[in-house]
Amino acid sequence: MSSVTTEQPAPKNKLSLRSRLRRDRSLLLMTVPSVALLLVFNYVPLFGLLTAFQDYNPLVGVWNSEWVGFAQFVALFDDSLFWGSLTNTLYLSFVQLILFFPIPIALALLLNSVLSERLRNLIQSIAYLPHFFSWVLAITIFQQMFGGAGLLNQFLRSNDIGIWDIMTNPDTFALLITSQAIWKEAGWSIIVFLAALAAINTDLYESSAVDGAGRWRRLWHITLPGMMGVIMLMLVLRLGNALSVGFEQFLIQRDAVGHEAADVLDTFAFYYGIATNNYSYGAAAGLFKSVISLLLIWGANKLAHAFGEDGLYRK
Amino acid sequence: MTETLTIERTKDKRDATGRSPVRRRKRGKRPVWEEPPSAAGQTAKGLTLGLVVAVVLVPLWIIVVTSLSTQAAVNRAGGLVLWPTDVTFEAYRVMLSDPTVRNALLVSLGITVVGTALSMVVSVLCAYGLSRSGSVAHRFILVLLILTMFLSGGLIPTFLVVTELGGYGQYWSLILPGAVSVFNILVLRAFYSSTSADLIEAARIDGAGDWRILWRIVLPTSRAVTAVVALFYGVGYWNSFFNVMLYMPTDSEKWPLQYVLLTYVNRGNGLPGSVNSGFGSQFAQTAPLSLQMAVVVLTIVPLLLVYPFMQKHFRVGVLTGAVKG
């Protein structure tokens with residue numbers, strides 16, 4: 001984002017538009033495939049959002065479907081399943097924010113204090129690994145460890161303790177999906193915080209230590225302020241994405257725990273839109289989510305600016 | 001962007017002279033002014049980091065060991081096997097002789113190779129096309145790209161566009177809709193912009209056009225970031241399964257590996273044509289659990305093959321992305 005605003009202005013050249021076009025024609029040609037793909041698969045669907053104001057019929061297409069104005073939204077706001085999904089989304093997002101967000105920061109501090117570079121690199125490589133696993137794989141691994149037939153219950157059974165099936169329990173679902181998210185992504189999230197730590201000038205530590213500041217005071221007065229920009233940026237991104245709590249993760253586990261606990265806005269659009277051929281209804285739910293998300297991004301940036309940080313884009 | 005460049009430059013400088021402009025802690029040695037850590041602190045640190053490593057490696061170890069176990073070993077353990085006793089590759093032999101899994105492996109490899117190649121060509125070209133400051137319309141196109149990161153039609157309109165273009169049940173529906181990642185283009189572009197302007201100007205005076213400059217100068221000087229972006233794309237294609245659910249939920253012979261993993265391992269459905277759950281009666285001599293774990297291992301192996309070569313470059317890609325937002 002910042003690249004657009006911080007770039008130096010192009011040198012004022014007196015070439016006419018036509019000769020500049022001739023000069024840059026290869027450069028323009030190079031962008032054509034990407035732009036074409038984005039137009040077809042990102043911009044055309046934006047117009048497809050019009051279906052949210054229709055009663056879309058796949059047989060006659062977008063142009064000939066009946067326009068119904070806000071009827072889909074009226075039905076949506078009257079649907080307890082929709083409100084359930086929204087509540088679930090906000091609740092799960094909140095739980096993830098509280099439990100997930102501090103972990104990579106703490107791990108980064110911990111890793112940064114490991115003196116041996118080789119050991120540090122080794123731990124980092126291992127911690128990043130699950131980020132590259134698919135959700136199918138990650139959940140399969142969780143199932144093998146904690147599922148009804150998994151390792152934990154294998155142990156409980158052999159010791160004649162009752163079965164504890166974490167994978168299908170809707171009451172603990174929020175904790176389950178948060179621990180899955182932590183397992184898969186917390187390691188990867190360390191990277192940005194480690195970079196922030198590496199950018200802090202060690203002279204500051206040295207002079208404050210000479211002045212008698214202990215370990216914790218250095219952490220509080222040098223390390224944390226040094227990381228604040230990145231922490232705020234990550235927080236803004238997280239708040240802006242509050243309505244996206246992870247789609248595939250829920251899709252895979254929804255049937256096991258039941259829709260009351262596992263339906264979020266994204267899965268709502270899938271199950272009550274595509275899976276039931278009720279496309280306009282699902283599109284309305286999707287549009288609702290997009291609009292609120294944009295507002296959240298905007299609001300989160302306002303918040304960051306209020307704290308004197310840059311956030312996602314500058315003031 | 002400026003921050004990325006500094007990171008790169010300081011790194012280069014440190015490589016060359018062993019010192020960086022900003023003073024960094026010398027790795028491997030505790031600075032004299034730092035108080036030595038307490039024994040309790042060291043223990044807690046070791047335990048925590050050990051735990052981080054263990055939660056990743058232990059499940060993988062158990063899965064690999066179980067995939068190498070006989071039915072007898074699985075029975076003895078009452079399920080997953082923690083320590084190898086009688087090692088056998090039977091599960092892998094059976095798995096690779098199964099047409100569904102073999103097919104899925106080929107489909108996955110095909111989609112990953114074709115998709116990554118396409119994405120890379122398209123992204124590298126676009127990134128270079130936008131990297132020369134002052135070129136016509138590059139700012140407009142950049143805004144057009146970045147807007148897609150904030151505005152999206154969402155699930156259903158995209159689904160409708162792909163199906164109206166005839167993508168239902170076609171392999172291209174698994175590749176084209178996500179072929180361009182604006183994030184990845186921005187990462188590449190940041191690096192291409194930082195390629196020495198003098199070098200490019202010299203090449204231009206020698207008569208090289210933009211295609212030649214990209215191929216001969218820019219690409220060879222940014223191998224690391226190109227590799228990382230290729231890995232990001234490749235992993236994305238290898239791991240994708242939701243598109244399969246959308247566009248080919250019933251054609252089991254077209255399924256990639258992840259969808260086979262979901263259907264036959266995660267959900268425990270029987271393979272087509274089999275009677276039992278798990279992996280069918282004709283494989284009764286092999287432990288169904290070992291077979292399932294072998295499928296899990298199969299989905300991880302390609303990743304582990306490229307991972308060691310890539311992981312040292314991760315910082316580069318991720319940081320650029322983070323700085324760009």
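The values are calculated or read from the model by the stated rules, or taken from the named source; none is laboratory data. What you see is a predicted model; the values in this text were computed from it and never measured. As a convention, Cβ positions derive from the backbone with ideal geometry for all residues, glycine included, and neighbour counts pool all protein chains shown. Side chains included, ligands, DNA and RNA excluded: accessible areas come from the protein's heavy atoms. Shrake-Rupley method; radii C 1.70, N 1.55, O 1.52, S 1.80 Å.
At-a-glance table
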quantity: Identity of the residue in region A:38-52, open to solvent by less than 30 Å² (accessible area, probe 1.4 Å) and free of Cβ contacts under 8 Å to residues at least 60 places away in the same chain, that ends up nearest to the other protein chains (Cβ to nearest Cβ); calculated: A:Pro45
quantity: Filter result (in a loop (DSSP other than H, G, I, E, B), out of contact with any helix residue (DSSP H, G or I) (no Cβ under 7 Å at 6 or more places or on another chain) and under 14 Å from A:Pro45 (Cα atoms)) within region B:141-167; calculated: B:Leu165
quantity: Hits in region A:132-174 (condition: touching a Leu at 6+ places or on another chain (Cβ under 8 Å), open to solvent by 40 Å² or more (accessible area, probe 1.4 Å) and more than 24 Å from B:Ser290 (Cβ to Cβ)); calculated: A:Gly162, A:Trp164, A:Asn169
quantity: Hey, B:Leu105 in contact (Cβ under 8 Å) with a residue 12 or more places away in the chain and in a helix (DSSP H, G or I) or not; calculated: yes
quantity: Answer from A:Leu119, A:Leu111 - the residue that is over 22 Å from B:Val65 (Cβ atoms), open to solvent by 10 Å² or more (accessible area, probe 1.4 Å) and either part of a helix (DSSP H, G or I) or not assigned by TED's automatic domain parsing to the domain that holds A:Leu219 (or both); calculated: A:Leu119
quantity: Out of B:Gly153, B:Gly129, B:Gly178, sole residue that is surrounded by fewer than 20 Cβ atoms within 10 Å (Cβ to Cβ), small (Gly, Ala, Ser) and within 11 Å of chain A (Cβ to nearest Cβ); calculated: B:Gly178
quantity: Of the criteria (1) within 9 Å of another protein chain (Cβ to nearest Cβ); (2) at pLDDT below 90, which one B:Val55 fails; calculated: (2)
quantity: Residues that are within 30 Å of A:Ala181 (Cβ to Cβ) and within 14 Å of another protein chain (Cβ to nearest Cβ), drawn from region A:53-103; calculated: A:Leu76, A:Ser85, A:Pro102, A:Ile103
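This table checks each residue for (1) at pLDDT 90 or above; (2) part of a helix (DSSP H, G or I); (3) at negative phi.
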residue: A:Ser244; (1), (2), (3): no, no, yes
residue: A:Thr267; (1), (2), (3): yes, yes, yes
residue: A:Gly282; (1), (2), (3): yes, yes, yes
residue: A:Ile292; (1), (2), (3): yes, yes, yes
residue: A:Trp298; (1), (2), (3): no, yes, yes
residue: A:Leu303; (1), (2), (3): no, yes, yes
residue: A:Arg314; (1), (2), (3): no, no, yes
